[in-house]
Amino acid sequence: MTIKERLTSLREARTWEDKIPFHYEYTAGVAGESFLRGLIDGKILGARCENCQLTYLPPKMYCTNCFREITSYRDLGLKGRVAALTEAYLDFAGEKVEKPYMIGFVTFTDAKGGIIQRVTGRRPRIGSRVVARFKPRKSRTGAITDILSFVVES
Ligand SMILES: [Zn+2]
């Protein structure tokens with residue numbers, strides 16, 4: 001193609017179409033792994049900066065306030081509070097579900113951040129107190145889905 005020629009279609013550009021088989025594996029990182037191992041034990045762990053007395057959820061390796069490395073973790077317990085809530089009509093694969101379900105951002109006392117997960121139980125609302133309901137121990141894999149939902153306390 002000379003400089004006087006113009007492309008009239010993107011297909012005329014020097015491209016080819018093919019598939020390249022890539023396989024990705026991401027690690028959870030040091031702090032993420034501690035969090036996920038905690039889930040296997042039925043615990044929700046936050047990373048604690050001893051310098052600032054701040055606890056992060058999900059855990060971080062470094063404090064965003066003082067930039068020091070964080071090496072300690074704190075069990076936040078299983079009880080939290082719904083800070084945000086929405087109703088979902090699609091599953092994680094993008095398929096429409098038969099029955100809509102609630103997803104909430106659940107926060108914990110004295111922790112910065114929170115967990116996004118299903119919220120079940122009677123009339124969930126923003127501000128509802130909830131408790132984590134885990135899969136049976138033998139079924140846990142160290143994934144966020146080890147928490148089945150946060151159930152509204154009555
Ligand atoms: Zn700090």
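FYI, it's all coordinate maths here, none of it is from the lab. In this text, all values refer to a predicted model and were calculated from it rather than measured experimentally. Cβ atoms come from the backbone with ideal geometry, glycine included; neighbour counts cover every protein chain shown.
Annotations for the structure displayed:
- Between the amide H of M102 and those of A88, V119, distances stay under 5 Å, these residues lying 5 or more places away or on another chain, with hydrogens modeled in the peptide plane.
- Close amide H pairs (under 5 Å, H built 1.01 Å from N) link A83 with F105, V106, T107, G127, residues at least 5 positions away or on another chain.
- Counting only lysines at least 8 places from K99 when in the same chain, those with an alpha carbon closer than 25 Å to its own are K135.
- Cβ-placed point charges (K, R +1; D, E -1), dipole of the chain about Cα centre in debye, nearest 20: 520
- Here's the list of aspartates and glutamates a cross-link from K79 could span, going by alpha-carbon distance under 16 Å and ignoring same-chain residues fewer than 8 apart: D41, D110, D146, E153.
- The chain: relative contact order in percent, alpha carbon pairs under 8 Å with at least 6 residues between: 19
- Phi-based couplings in Hz for the range 51-64 (Karplus 6.51, -1.76, 1.60; Gly and Pro marked x): 6, 9, 6, 9, 10, 10, 9, x, x, 10, 7, 10, 6, 7
- The label-point distance for C66 and K4, in a model that sets each label 7 Å from Cα toward Cβ, rounds to 7.2 nm.
- Between the range 31-78 and the range 101-140, the alpha-carbon centres lie 18 Å apart.
- The amide H of K60, built 1.01 Å from its N in the peptide plane, has A47 as neighbours under 5 Å, considering only residues 5 or more places off or on other chains.
- Here r is the Cβ-Cβ distance between E17 and D110 and R0 is 41 Å; the resulting FRET efficiency, rounded to 0.05, is 0.15.
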